[in-house]
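To start, the structure under review is shown below, and the notes come after it.
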Amino acid sequence: MNGCQNLLGDFEFPLEDIEAAVRQRRLLSMEIEFSRQCNFRCPYCYVDDIPSISDEMSPEQIRDVLVQAKALGARRIIVLGGEPMVYPRIFEMLDFIGELGMEVELFTNGTRMDRDAARFLFERNVKVVLKMNTRDPELQDILSGFKGAHDIIQSALHNLGEVGYPGEGKILAISSIICRHNADELVDLWRWLRDRNIEPYFEMLTPQGRADRNENLQIDSEQAREIFERIAEVDRTEYGRQWDPQPPLVGNRCLRHQFSVLVNACGDVLPCVGVTIPVGNVRKRKLKEIIEDSEVMQDLRGYRRTITGPCARCDKAETCYGCRGAAYQLTGDYKASDPLCWRNQGWNVREAALPAAADRFLPQKDPMRVVDRLLSVGERSAVLDLTVPSNSPFVSADGILDESAFMEIMAQGMAALEGFRAPPTNGNGIKGFLLGARELEITGVARAGDQLEVSVFKEAKLGDFGIVRGTVSRNGETLAQGEIKVWHEGAADRTGAEQWK
């Protein structure tokens, strides 16, 4: 399985419904993994290694989160994996979703798709998306990492057709990744699918999981542009379908990060398949609380306001969203421009990517700035590093870092996170103050020249005030840890939330 799945309609749902879901912090769909068990080993899968299933959600937990999604307005459940058809209770779960009144999209490699299984799906109006990257048997097996995959897929396609797919309002789609191996046949494959009323769903690879390890799969941006434009011309001249080529989906656009979430098999909630930042876990908190409280999701749902780089200035910015997953995987910044878009050729991705110089996000200047780089950003959290300079006002004549500097390091770590999240128009950093500390425990000594790492996590927030837990370490040894209270100008406006607990 690859990245974001976006199948039906220009944005899957009417734009006005998406805008309402953003305002109300509700869902229109939810992606879910019942299990990550899979018999294929596709070299482009977003799952890196063969996962353990020991910590996967129980059927009761799965049903509970499905009920929660329904209560949040979800109309559609997209079942991913792993391979859903090898999940032993798949039919039970699909019936449960139907009883809740939600549509189902099922992404499958065709395993166990015999006539009875196909009939089951047909009778329940399940929208089936079958994975098929090529019509070449040998190549299909290679791209599935499984000998005999082509035969499995063709058998499934036959059985689905025998029971009536596509037809009578029953939708069948073919999911194909765009890679070097199949690039030359994608136009013909598109025609083959259109001629059979099968929905083609072609997507660019998201560089994560196994795909990140198999770099030989990826095509460059210019090749992608050519494929998109050739297929657009075929659709326009031969099938009367007009659309504007833009990544990451051929003939479609991805806005999933604004109205959906992914709940993986272990209960972690992610904004989408490509933005692999867990924002909560449904075993610990309700889905509604996770969505309402998540800073990462608030940033993504305010996409036009927070985007950085050339995408923000593109003449298609109002209708194109690129791939948030590609942006995150290649830059570490889910708000960055899509590095795989051909319109961004020549853009220096490395200059915009994390790790990045902290002065991009902080108002402090030398010598008062004590952190050097922002390494990574998570849900209400950040990791930074620094080298203690000998000329710092926090360093004594004998080269020892004053204990008060540990609080300042933590405070600047959180200020860098707030600056990262601030809209680009705010300039270089935002104003903030360190108000105090409690339970601060200092267990080590730092000296000039030491390389330190600081991690910060925002535990609670009330308006512009935040309680932050920080840790400063050196080579894995904790030097200081504790809680600090900080104030950042306009923080409540950026998050859209007045209080977190």
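The values are calculated or read from the model by the stated rules, or taken from the named source; none is laboratory data. Quantities reported herein were computed from a predicted structural model and do not represent experimental measurements. Backbone-built Cβ (ideal geometry, glycine too); neighbour counts: all protein chains shown. Surface accessibility is based on the protein's heavy atoms, side chains included, excluding ligands, DNA and RNA. Shrake-Rupley method; radii C 1.70, N 1.55, O 1.52, S 1.80 Å.
Hey, can you grab everything whose amide H is under 5 Å from the amide H of LYS170? Only 5+ residues off in sequence or another chain; H modelled, so Pro and N-termini drop out.
none
Counting only heavy atoms of the protein chains, get the accessible area per residue of segment 27-86 (1.4 Å probe) and round it to a whole Å² value.
Working: 1950 Å² over 60 residues.
For segment 27-86, the per-residue accessible area is 32 Å².
Please report, in cubic angstrom per residue, the volume enclosed by the convex hull of the alpha-carbon atoms of segment 149-302. Numbers along the way, then the final one.
On the way: hull volume 25.9 nm³, N = 154.
So the per-residue Cα hull volume is 168 Å³.
For the chain, what relative contact order do you get, as a whole percent, if you take Cα pairs closer than 8 Å and at least 6 residues apart?
Details: 1021 pairs, mean separation 57.9, N = 501.
Once divided by the residue count of the chain, the mean separation gives 12 percent.
Show the residues, 5+ positions off or on another chain, whose built amide H is closer than 5 Å to the amide H of CYS38.
GLU83
P(r) tail for segment 157-206, what percent of Cα pairs lie past 12 Å? Numbers along the way, then the final one.
Values: 800 of 1225 pairs.
So the portion of pairs separated by more than 12 Å is 65 percent.
What are the ³J(HN,Hα) couplings of segment 201-213, residue after residue, when phi is run through the Karplus curve with 6.51, -1.76, 1.60 and θ = phi - 60°? Round to Hz, x for glycine and proline.
10, 9, 9, 6, 5, 8, x, 8, x, 5, 4, 6, 7
Treating only the Cβ of Lys, Arg, Asp and Glu as charged (+1, +1, -1, -1), what charge dipole size does segment 77-197 show about its Cα centre? Round to the nearest 20 debye.
Numbers: 14 positive and 19 negative charges, 22 e Å.
That gives a dipole near 100 debye.
HN-Hα J couplings of segment 234-246 from phi, Karplus 6.51/-1.76/1.60, θ = phi - 60°, integer Hz, Gly and Pro as x?
Working through the residues one at a time gives 4, 4, 6, 7, 9, 10, x, 10, 10, 7, 9, x, 7 Hz.
Which pairs in the list LYS284/LYS335; LYS70/LYS461; LYS365/LYS485; LYS288/LYS431; LYS288/LYS458; LYS335/LYS431 are over 24 Å apart, alpha-carbon to alpha-carbon?
On the way: LYS284/LYS335 27 Å; LYS70/LYS461 29 Å; LYS365/LYS485 22 Å; LYS288/LYS431 31 Å; LYS288/LYS458 19 Å; LYS335/LYS431 21 Å.
Too far apart for the 24 Å limit: LYS284/LYS335; LYS70/LYS461; LYS288/LYS431.
For HIS158, what accessible area in Å² do you get when you roll a 1.4 Å probe over the heavy atoms of the protein chains, rounding to the nearest 10?
The accessible area comes out at roughly 100 Å².
Translational diffusion coefficient of segment 297-450 at 25 °C, 0.890 mPa s, Stokes-Einstein with Kirkwood Rh over Cα pairs, in µm²/s as a whole number.
Numbers: Rh = 17.0 Å.
Value of D from the Cα-based Kirkwood radius: 144 µm²/s.
Filter the trypsin sites (Lys or Arg not before Pro) in segment 369-455 down to the DSSP loop ones having no more than 16 other Cβ atoms within 10 Å, then list what survives.
Values: sites: ARG369, ARG373, ARG380, ARG421, LYS431, ARG438, ARG447; in loops: ARG369, ARG380, LYS431.
Loop-located and lightly packed - LYS431.
Rounded to two decimals, what ratio of Rg to Rh does the chain give with C-alpha atoms and a Kirkwood Rh?
Values: Rg = 24.4 Å, Rh = 24.2 Å.
Result: Rg/Rh = 1.01.
Through the Karplus equation 6.51 cos²θ - 1.76 cosθ + 1.60, θ set to phi - 60°, convert the phi angles of segment 20-34 into ³J(HN,Hα) values in whole Hz; use x for Gly and Pro.
Couplings: 5, 5, 5, 4, 8, 6, 10, 10, 10, 8, 9, 8, 8, 9, 6 Hz.
Suppose only helical runs count, i.e. DSSP H with n ≥ 4. What mean residue ellipticity at 222 nm does that imply for the chain under -39500 (n - 2.57) per run, divided by all residues and rounded to the nearest 500 deg cm²/dmol? Spell out each step's value before the answer.
Numbers: 17 runs with 155 residues, N = 501.
Helices in the chain give a 222 nm mean residue ellipticity of -9000 deg cm²/dmol.
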